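Below: one structure, written as C-alpha cells.
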Amino acid sequence: MTALAAGGTRSAVPLFRSEVERIGEGWAGVERDLARLSRQLEAHAERATYPQFADSLRHIAGSLAGDVRRVAERMAQLGRRAEINGAAPLAEGRSTWDRLRLSLEDVRVLLRQLGQLLVRWDDEHPAEAALVRDVRARLSGHRAALGDLLARSDPHALD
C-alpha cells in the first residue's frame with residue numbers, strides 16, 4: 001500500500017523547476033553561508049586576543065552582512081524569501097589561530113561555491129553573474145585579510 005493510499009501525503013518536490021527557482025536556490029545557499037560566516041566572525045571577534053584582530057574581524061563580518069543584504073534583495077526580486085534562522089552551527093576553535101583557520105576554510109568553500117555559480121550563470125544570466133563577481137571579489141579580499149591575521153597569530157597560544 002502506498003503512502004497516498006494509506007492517507008499519507010506525498011512530499012511537494014517538483015519534478016521540474018523553473019530557471020528562476022534554480023537561481024533562487026543557488027542564492028539561498030550563498031545567503032545562508034554568508035550569514036553564518038558573518039555571525040561566526042563576529043563571535044570570533046568577541047574572543048580575539050588582540051584588539052586589532054577583533055577590529056579586523058568585525059570589519060569583515062560587517063562587509064559580509066552587507067553582501068547578505070544584497071543577496072537577500074536579489075532573492076526578493078526573484079520572489080523568494082530568505083530562510084536564514086541563525087541556527088547553523090558556528091565553527092569553534094581552541095585559540096585565535098584555530099578559529100581563523102576554520103573561518104579561512106569556510107571562506108575558501110564559499111569562494112568555490114560562488115565560482116560554480118559564476119560558471120553556471122555567466123553566459124545566460126548576466127545580472128546574476130555580475131552580483132556573483134562582486135561578492136566573490138570582496139570575499140577574495142577578505143580571504144587575504146584572514147590569511148594575514150592567521151599568519152600573525154600564535155598557533156600554540158590557547159584561550
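The values are calculated or read from the model by the stated rules, or taken from the named source; none is laboratory data. Please read all numbers here as calculations on a predicted model, not as lab measurements. Here Cβ is always computed from backbone atoms with ideal geometry, including for glycine, and neighbour counts include all displayed protein chains.
Give the number of residues within the stretch 69-93 that are in a helix (DSSP H, G or I) and out of contact with any helix residue (DSSP H, G or I) (no Cβ under 8 Å at 6 or more places or on another chain). Before the answer, list the steps.
Looking only at the stretch 69-93, we keep the residues that are in a helix (DSSP H, G or I), and these are 69-77.
Okay, now just the ones that are also out of contact with any helix residue (DSSP H, G or I) (no Cβ under 8 Å at 6 or more places or on another chain), so 69, 73, 76-77.
Counting residues in the stretch 69-93 that are in a helix (DSSP H, G or I) and out of contact with any helix residue (DSSP H, G or I) (no Cβ under 8 Å at 6 or more places or on another chain) gives 4.
When the residues of the stretch 64-113 are filtered to those that are surrounded by 13 or more Cβ atoms within 10 Å (Cβ to Cβ) and of a type in the set (S, T, N, Q), the one that is farthest from Glu19 (Cα to Cα) is Ser95. Scanning the stretch 94-123 for residues that are part of a loop (DSSP other than H, G, I, E, B) and free of Cβ contacts under 8 Å to residues at least 40 places away in the same chain yields a count of 2.
Looking only at residues in the stretch 32-62 that are among the polar types (S, T, N, Q) and surrounded by fewer than 17 Cβ atoms within 10 Å (Cβ to Cβ), the one that is nearest to Arg143 (Cα to Cα) is Gln52. When you scan the stretch 17-31, do you find a residue that is in a helix (DSSP H, G or I), modelled with pLDDT of 95 or more, surrounded by fewer than 18 Cβ atoms within 10 Å (Cβ to Cβ) and among the charged types (D, E, K, R), even just one? Among the residues of the stretch 17-31, not one is in a helix (DSSP H, G or I), modelled with pLDDT of 95 or more, surrounded by fewer than 18 Cβ atoms within 10 Å (Cβ to Cβ) and among the charged types (D, E, K, R), which makes the answer no. The condition of being assigned to a helix (DSSP H, G or I) and acidic (Asp, Glu) holds for Glu128. If we scan the stretch 43-50, do we find a residue that is farther than 17 Å from Leu111 by Cα, at pLDDT 95 or above and among the basic types (Lys, Arg)? No, the conditions are met nowhere in the stretch 43-50.
Among the listed residues Arg133, Arg143, identify the single one that is assigned to a helix (DSSP H, G or I) and either over 21 Å from Thr96 (Cβ atoms) or β-branched (Val, Ile, Thr) (or both). None of the other options fit; the residue is Arg133.
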